[in-house]
Amino acid sequence: MNRDIIDINDCTILLEEATTTESSLVDVCSFDEPVIGIAFYGAGNVGLNIKYKDKSKAFQYTKGMVLSFYADENVSFEHHVSADKPLQCVVIATALKNINQLPNDEGQLLETFLNELVHPKDHYVEGPVFNMTPELFQLVGLFFKNQYEGQVKMMFYRSHMSALLSHYFGQLASQNVLKVNTDALEKINLAQEILLSNLENPPSLTELASKIGTNTNKLKKEFKAQFGVPVFKYLQEERLKKAYNLIKNEQKTIQEAAWNVGYDSLGSFSNAFEKKFGFRPSQV
């Protein structure tokens, strides 16, 4: 378990990363004082269980999820890490008492978009829960690739925290994100997981909807709302990204890469590849 805590002005960045080869690992995190936090879940897909007093809240599919919350000392966050569900999470938090001292209008933005967290009515209050845009997802990944030290390291974290928050509040503003049905969010995350696990032989829309317990119309609407593209556009993008990796990093032939991601026609594969990347697979 790797945990890094970086204090910047009146904010704290908490970086958590964990993998395990064992069946399960439980990591518990809590705060010493009342805080407002925004948690960004990256490439992992850990299970999350939030406990406070006699209540609990569980998330089974967290990859790409952003969760805003108010939590006091009575709240604990349990991450259930397993071999196929690693943890990668960035939390930006500030003590409730510091809201009015935050620079760059963060305090005003919190009041505008997360008012229920600034004026909590329980030990744990949940704000909007939604999937990150690709830009947000990329920014989160960069936090775990930082290799700078000293003042340059702090400059990196300061600038990337500002970028992450600006994209986050921008997404709230542009999409007018409201608190969503977390059951629906988990279903869409499950649909994503099923697609990524079956790139070479994906289910039909009807089969996919049945697997997650919804209908095709809801699946198409909610998937596009979360990921910005239709289901099979997303599938094609992931197929081509995997094919690129197979050719470049695993030394697979073009034919092997095409078959591995479900393309029977080498011509169709090459055309789709060139359309996405701007060059033929033979030029990788």
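The values are calculated or read from the model by the stated rules, or taken from the named source; none is laboratory data. Everything numeric in this text was worked out from a predicted model, so none of it was measured. Using ideal geometry, Cβ is built from the backbone for each residue, glycine included, and neighbour counts are taken over all protein chains shown.
Quick look at the values:
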| read-out | value |
| --- | --- |
| Some residue of region 38-54 being exposed (fewer than 14 other Cβ atoms within 10 Å of the Cβ), in contact (Cβ under 8 Å) with a residue 24 or more places away in the chain and not charged (D, E, K, R) | no |
| Selection within region 261-284 - more than 31 Å from the chain's Cα centre (by Cα) and closer than 19 Å to Leu199 by Cα | Asp264, Ser265, Leu266, Gly267, Ser268 |
| Conditions (1) farther than 20 Å from Ile188 by Cβ; (2) surrounded by 15 or more Cβ atoms within 10 Å (Cβ to Cβ); (3) among the polar types (S, T, N, Q): number failed by Thr253 | (2) |
| Subset of region 222-233 (residues that are over 22 Å from Leu67 (Cβ atoms) and without any contact (Cβ under 8 Å) to a residue 40 or more places away in the chain) | Val229, Pro230, Phe232, Lys233 |
| Filter result (in contact with a Leu (Cβ under 6 Å, 6 or more places away or on another chain) and at pLDDT 95 or above) within region 69-89 | Tyr70 |
| Within region 198-269, helices (runs of 4 or more DSSP H) holding 2 or more residues that are of a type in the set (Ser, Thr, Tyr) | 205-212, 231-249 |
| Residue within region 68-85 that is more than 21 Å from Pro120 (Cβ to Cβ), assigned by TED's automatic domain parsing to the domain that holds Gln108 and in a loop (DSSP other than H, G, I, E, B) present | yes |
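Each row is one residue, and each column tells you yes or no for (1) at pLDDT below 90; (2) under 16 Å from His160 (Cα atoms).
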site	(1), (2)
Leu15	no, yes
Glu22	yes, no
Leu48	no, no
Tyr52	no, no
